[in-house]
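What follows is a single structure, written as structure tokens, with notes after it.
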Amino acid sequence: MTDTFCGRTVLVTGGAAGLGRAHALAFGARGAHVILADIAEAGMAETKALVEAAGGSASAHCCDMASEAEIAALAETVLAAHPRLDVLINNAGLHMGEIARGFFGLGQAKWQHYLAVNTLGPVLLAEALRPALAAAKGLIINKSSMASYQPATAYGITKACLNVFTHAMAMQFAADEIRCVGIAPGLMETPAAKDGVAEDNWQRLKGMQLVRRQGTAEDIANMAVFLASPEGSFVNNQILLCDGGNQMRGFRI
Ligand SMILES: NC(=O)c1ccc[n+]([C@@H]2O[C@H](COP(=O)([O-])OP(=O)(O)OC[C@H]3O[C@@H](n4cnc5c(N)ncnc54)[C@H](O)[C@@H]3O)[C@@H](O)[C@H]2O)c1
């Protein structure tokens, strides 16, 4: 364990698995207290145990990012316990299955759910946590996707909308010296992505990268660590792609 983020607090939504777990471990192992928020209780318990095994500390909170009431309750709990919040990582998201197959025929209820989780939840949570983020002159990281650059699916559209919010949030939160940055991963090996993308499509997408290795959850967590560190403190209002150069070949998701 290192102490780079000792005394800092980091909240990770979707911290029960995949990229969120990697973020939790990266910050926890560097001394931050990690607050996990997710709907998957068992996964959160596993992440908490992993953070603690790495020498860090964590708390776990059930919160459905589609629910305004649950977001408000989470924020109330966090504000009471942590008057300063250094980093909010809006990572929870729906990205596999029907949401990633197109956008016609979904109907209003599904659209509202996808937009609630992937787009509005991050905005509402950041708004609710603003006092603690302001006290720390903190950082909001919105988890976007390379799919946001080619919004041919409901998923890509929800993330493209989140990119727009990221710019608006950077502007609006600047009054409190809070930065807001998006990270747009390419194809990263997480259990959900590996299960959700057919093997031939996985190999095709991987073959489009300029970097000839598999992108990992740690690649994304490392970007977040950089952004939250003094070395990254002049970066604001950007959507940063981390896709092994996939964009050069036009994505073709
Ligand atoms: N893995 C990739 O290749 C990739 C690429 C681009 C973007 N992303 C984005 O990164 C994020 C994490 O991806 P991952 O691969 O780790 O996925 P994942 O499915 O493993 O993790 C997502 C987490 O979000 C949680 N979650 C889902 N709905 C929720 C809700 N309503 N409220 C609270 N939590 C909820 C899940 O329980 C899960 O723990 C997502 O936003 C995804 O869109 C992933």
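In straight Cα distance, which lysines are under 25 Å from K206, not counting same-chain residues fewer than 8 positions off?
K143, K159, K194
Run down the aspartates and glutamates and flag those whose C-alpha is under 13 Å from the C-alpha of K48, throwing out any fewer than 8 positions away in its chain.
The reachable aspartates and glutamates, counting only those whose Cα sits under 13 Å from K48, are D38.
So if I take the centroid of the Cα atoms in region 121-171 and the same for region 13-53, what is the distance between those two points in Å?
20
Which ³J(HN,Hα) values, rounded to whole Hz and listed in residue order, are derived for region 88-98 from phi using the Karplus coefficients 6.51, -1.76 and 1.60 in 6.51 cos²θ - 1.76 cosθ + 1.60 with θ = phi - 60°, glycine and proline given as x?
3J(HN,Hα) across region 88-98, in whole Hz: 10, 10, 7, 10, 4, x, 9, 9, 10, x, 4.
Remind me, relative contact order of the chain in percent, using alpha carbon pairs under 8 angstrom and six or more residues apart? Please report the intermediate quantities before stating the final value.
Working: 524 pairs, mean separation 45.3, N = 253.
About 18 percent, as a whole number.
For A184, list long-range residues whose amide hydrogen, built 1.01 Å from N in the peptide plane, is under 5 Å from its own amide hydrogen.
S144, L240, L241, C242
A short reminder: the numbers here are calculations on the coordinates, not readings from a lab. In this text, all values refer to a predicted model and were calculated from it rather than measured experimentally.
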